[in-house]
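Q: Just dropping this structure here.
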Amino acid sequence: MDAKMIDYDDVRLVAAIAGAGGVRGAQARLGTHIATIYRQLRELEKRTGGALFERLGDALVPTGRAGPFLEAAEELRDRLAEVERRVAAQDDRLVGPLNVTTADTLLDIACACLKSFGKAHPGIALSLEVNNSFADLGRREADVAIRPTLTPPETLVGRRVARFSYAVFASDTSLEGWIGFDATLSALPAAQWLKANVEEDEIRLRVNSLTAAAAAAEAGWGKALLPDYLGAARRLRRLGETVEELASELWVLSHPDLKGNPRVRAFSDFSAKWLKTRLNTANPPAGGSARY
């Protein structure tokens with residue numbers, strides 16, 4: 001290996017190419033001319049004694065030699081995210097950005113909650129990300145998460161603000177068919193309940209999200225098994241009682257480093273009260289309702 005030490009720019013170069021799958025895609029990430037990236041890569045490979053990438057079709061795939069660079073990039077991202085969280089925790093202003101993430105089933109409710117909060121705090125610039133998987137709050141992909149879950153990640157803190165269950169809904173009580181879920185949702189408890197309780201030939205349509213199931217029920221495709229808050233928000237009729245075995249919880253969560261951030265604290269307090277009122281649930285019992 002050449003005498004020149006590996007530096008941050010080398011790590012950034014390898015991570016950008018690996019992340020983009022090629023030099024051309026890395027250009028946008030690095031803000032550097034494509035010829036410069038090729039030159040830097042050739043020089044780095046010369047210094048490290050071999051190829052850092054190999055071509056597979058149209059993509060550049062990292063070799064084993066690139067592994068330490070990618071590990072360093074991952075560690076650096078984690079360290080920078082920690083610095084960002086610590087800086088944000090010391091920001092005592094009720095102005096500035098606040099990024100909230102939620103699941104698609106809660107989109108209507110979350111939008112209404114953010115609108116009410118925004119009126120009370122006009123200095124906070126709100127953004128909402130809809131994602132059915134947990135955002136990485138450790139890396140500030142979001143500041144606060146509003147999530148339906150029975151098992152919130154141990155790395156987060158927050159409070160349980162509501163309990164909900166599932167029920168069968170339809171646009172017309174006379175409809176016989178069912179709306180099922182495709183293979184991507186096979187692990188969903190609601191999908192497992194349908195598999196155990198509904199015959200295959202009764203399924204009229206399969207969808208890949210609960211929101212799509214609600215829309216299909218509104219369109220008259222048949223009966224849908226939905227979270228009770230989602231069915232109530234649509235023009236649907238509940239058929240029978242809730243399916244208590246599918247009961248779950250709604251949590252407002254954030255990273256522990258941001259507990260003291262006024263924007264996070266203000267929104268967490270506001271949304272917890274607002275969601276309890278909106279979903280018409282009693283206060284959760286002591287013990288397990290909070291993780292601060």
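Q: Only one residue in VAL252, VAL161 is in contact with a Gly (Cβ under 7 Å, 6 or more places away or on another chain) and either over 24 Å from ASP108 (Cβ atoms) or in a strand (DSSP E or B) (or both), so which one is that?
A: VAL252
Q: Turning to a different aspect of this structure: Being in contact with a helix residue (DSSP H, G or I) (Cβ under 8 Å, 6 or more places away or on another chain) and assigned to a helix (DSSP H, G or I) is the filter here; which residues of region 46-69 pass it?
A: THR48, ARG65, ALA66, PHE69
Q: Quick check on region 157-166. Is at least one of its residues modelled with pLDDT of 90 or more and more than 28 Å from ARG263 (Cβ to Cβ)?
A: Yes; the residues of region 157-166 include at least one that is modelled with pLDDT of 90 or more and more than 28 Å from ARG263 (Cβ to Cβ).
Q: Filter region 196-216 down to the residues that are free of Cβ contacts under 8 Å to residues at least 40 places away in the same chain and under 18 Å from ALA167 (Cβ atoms) and list them by number.
A: ALA196, ASN197, VAL198, GLU202, VAL207, ALA212, ALA213, ALA215, ALA216
Q: Which of the residues belonging to region 172-202 are of a type in the set (S, T, N, Q) and farther than 27 Å from ASN132 by Cα?
A: Correct list: THR173, SER174.
The values are calculated or read from the model by the stated rules, or taken from the named source; none is laboratory data. Just so you know, these numbers come straight off a predicted model, no measurement behind them. FYI the Cβ positions are ideal-geometry reconstructions off the backbone, even for glycines, and counts take in every protein chain you see.
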